[in-house]
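As structure tokens, the structure follows; a few thoughts come after it.
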Amino acid sequence: MTAAPASEFDRATAVAALGAGAWAGTVDGGWFAGRGPNGGYLAAIVLRAMVAELGDPSREPRSLTCHYLRPPAAGEVRIDVTVERAGRATSTLTARVSQNDRPCVLGVAAFGVDVAAPAAYTTAPPEVPPPDAVAPVDNSGSGLSIVSRFEARPAVGAPMFAGAREAVTGGWLRFADARATDAIALAMFADAWWPSPWVRLREPVPAPTMDLTVHFRAPRAAAALAAGEPVLTVFRSTTAADGFFEEDGEVWTTDGKLVAQSRQLALLL
């Protein structure tokens, strides 16, 4: 008898093999942000199916890009995964999420082993107060089901709807239901904070994701974090035009290790 997944997030992103590269998943209505599922949540389901299809733990996720065609409803989805190429150091996979034969998400990912490199460098982490010195935000009145799945402690940028000059936001983030921080969790964290343009606005507006790319910079370092240990997320946008904005993200450990970077294109409706 197989044990049940340990966390709420694992249950909400679980997949089951259907054979021939196909996987079954269930979109949980508790992870919606507005009229559809959160983009990072869907990316986590896609990545979980890809990891399972590849079946090679020596190849860590290095990059994942998802394009969102239409929001699936709560309920069953099908994820068709193809290993497009498996080389000596990297593997490339694609995935197509559909519901009732209607395409919902297209995904492309690269997996790879560590390789010898002539240089290793990174930027310095932001200087922010430690998690215990920052009060968690109360989002109980937001009306979004997904906000109860996280504990967010703002530490970067202006408050939401402050009319700030810069679209920069972020802070300490963790699942409300303590869970380890593997690559699948990082895909979720890359889109779990409120949209960075909200700090420039005076009231909330929908900001659905069009595409999301996550680069996993140190997945093993992230997975080594204790369950429930928060990560520092930073999100910024420099341009909003014609109803579209870009958002760049970073995810850091408490000891200053950069474990993920992201970029997405989203709408301001």
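The values are calculated or read from the model by the stated rules, or taken from the named source; none is laboratory data. Because the structure is a prediction, the values reported are computed rather than measured. Please note: Cβ atoms are built from the backbone with ideal geometry, for glycine as well, and neighbour counts cover all protein chains shown. Side chains included, ligands, DNA and RNA excluded: accessible areas come from the protein's heavy atoms. Shrake-Rupley method; radii C 1.70, N 1.55, O 1.52, S 1.80 Å.
Round to a whole number: what % of the accessible area of the chain belongs to carbon and sulfur, probe 1.4 Å? With neighbouring chains kept in place, the figure for the chain is 53 percent. The mean sequence separation of alpha-carbon pairs under 8 Å and at least six residues apart, normalised by the residue count of the range 181-269, gives a relative contact order of 37 percent.
Using a simple spin-label model with pseudo-atoms 7 Å out from Cα toward Cβ, ARG220 and GLU166 lie 3.5 nm apart. Per residue, the average separation of C-alpha pairs within less than 8 Å and at least 6 apart gives the chain a relative contact order of 17 percent.
Restrict the search to the range 126-234; then list the trypsin sites (Lys or Arg not before Pro) that DSSP places in a loop and that have at most 15 other Cβ atoms within 10 Å of their Cβ.
ARG165, ARG202
Among 68-76, 118-126, the peptide with the highest mean count of other Cβ atoms within 10 Å heads the list, and the full ranking is 68-76, 118-126.
Distance between the C-alpha centres of the range 214-240 and the range 77-148: 9 Å, rounded to the whole angstrom.
Need the full-extension length gain, LEU269 to LEU144, defined as separation in residues times 0.36 nm minus the C-alpha distance. One decimal, nm. Walk me through the numbers before you get to the answer.
Values: separation 125, 0.36 × 125 = 45.00 nm, distance 1.64 nm.
Taking LEU269 through LEU144 to full extension adds about 43.4 nm, to one decimal.
Per residue, the accessible area of the chain comes to 49 Å² when a 1.4 Å probe rolls over the protein heavy atoms.
Taking K and R as +1 and D and E as -1, what net charge do the other residues with C-beta under 12 Å from the C-beta of SER148 add up to? Around SER148, the charge tally is -3.
Can you give the extra length, in nm with one decimal, that the chain gains between VAL205 and ARG85 once fully stretched, where that is 0.36 nm per residue apart less the Cα-Cα distance? Mind showing how you got there, number by number?
On the way: separation 120, 0.36 × 120 = 43.20 nm, distance 4.07 nm.
Contour length minus the Cα-Cα distance gives 39.1 nm.
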